[in-house]
1. What does the charge count near B:Ala54 come to, summing +1 for each Lys or Arg and -1 for each Asp or Glu among other residues with Cβ under 15 Å from its Cβ?
2. For the stretch B:81-87, what does the Karplus curve 6.51 cos²θ - 1.76 cosθ + 1.60, with θ = phi - 60°, yield as ³J(HN,Hα) per residue in whole Hz, taken in order and with x for Gly and Pro?
3. How much net charge surrounds B:Ala21 when only the other residues with a Cβ under 11 Å from the Cβ of B:Ala21 are counted, with Lys and Arg +1 and Asp and Glu -1?
4. Could you run the Karplus curve 6.51 cos²θ - 1.76 cosθ + 1.60 with θ = phi - 60° over the stretch B:30-39 and give me ³J(HN,Hα) per residue in whole Hz, x for Gly and Pro?
5. Could you list the trypsin sites (Lys or Arg not before Pro) in the stretch A:70-175 that lie in coil according to DSSP, counting only those with at most 15 other Cβ atoms within 10 Å of their Cβ?
6. Using R₀ = 30 Å, calculate the FRET efficiency as 1/(1 + (r/R₀)^6) where r is the Cβ-Cβ separation of B:Val136 and A:Ser68; round to 0.05.
7. Name the lysines eligible as straight-distance cross-link partners of B:Lys123: C-alpha to C-alpha under 17 Å, and not fewer than 8 places from it in the same chain.
8. Enumerate the whole-percent occupancy of each 10 Å bin, from 0 to the last occupied one, for all C-alpha pair distances of the stretch A:56-100.
Amino acid sequence: MGEFLFFLLIGLGSLSLVLLWAGRSAGPSIDGRRLSEVREAFTVIELELPSGALGERIFASHDWDFISANASREIQRTFLQERKSLAMSWLRQTRTNVGRVMEFHRKAVRGCVRLNPSLELRLALNYIVFLLTYEVLCALILLRGPFWVRELVRYTSGIADQMSYLSGHILVGMDPTVLGRIKSRWYNNPVAS
Amino acid sequence: MEAAMQDLESRTLAEMSGSIAQLIYIASTRDYNTGQYNHDGLTFCFTEEVARTALAAHHKKIFRELVFAPLEDIVQQLDRYMETSGALRADFLELWKKIEPYRVTVPADSDPIAMELFASNVKVALAILQTRQEMVPHS
């Protein structure tokens, strides 16, 4: 038991350090207008991240405040169960789409665009942090429900946006011939390596 | 298109009590088989294409408002809609719980998670209204 706690503490400590470091070295701040351009470019190739606003809505606690004051225990249970399942769906969808962004970046963009090592490093780091926070979030949602993890959801959603921005901003304003080549490569072989 | 949307809002939808009533009305103008919207009045004033686009845009707008509305608002709106529907409350609640008609009121190209969130909120709102309804005879 003591050993387990020791490793758990080391794990949590390392995770906190990585999160702190990633937060500080997360790269350029996201320009809202530019991000929507990137999202638009990704929409064309069917690589949309789930809406962050929808995530905020699912994890918002005001519904729970209302339910806990106005509904029977049975309704409270049903509500919590449904919201937990929605939260997990949103999270899984975010995870899948972030994975697809990485896959897209690896296959389609790398062959056509000159690599920027610092961008690649940042992207890889963000992906690791994203995967870690995703696992932590899943565990917390299953254990405690969706209304106590809002800040972590916001943070995870921010990392997903950052990754989407880092990978996708090179598409915006790209030479149409190169962009066409990237698109056809992605459409013809989006999953297989 | 803007003019058609304004027309729809100020003439038809303004008379309805709340977003749920508006959502159900707009969904009812959509053909079950083709997914195309039809509204004679709007088509008469504008064109068929403009009328369809305006209805589709309004449908999305109202659905989005409902998805992002707090659950408390959904309960109030559903209560108001039930009141104005003319049906007996008990019958209304029973039918809505049984056949879940609200599931076919969502825009066709909605995000599946948004659809589920909406359905879940309506389901919980119905349960709350049913509890209130059951408490009435005893109070």
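No lab work stands behind these numbers, since they all come straight from the coordinates. None of the values given here were measured: they were computed from a predicted structure. We place every Cβ from the backbone using ideal geometry, glycine too, and count neighbours over all the protein chains shown.
1. Spelling it out: positives minus negatives among the neighbours equals -1.
2. Coupling constants for the stretch B:81-87: 5, 5, 4, 8, 6, x, 7 Hz.
3. Spelling it out: positives minus negatives among the neighbours equals -1.
4. 9, 5, 4, 8, 9, x, 7, 8, 9, 8
5. Those satisfying the criteria are A:Arg110, A:Arg114.
6. Efficiency for this residue pair is about 0.85.
7. Partners within reach: A:Lys84, B:Lys97, B:Lys98.
8. Distribution as computed: 27, 44, 20, 9, 1 percent.
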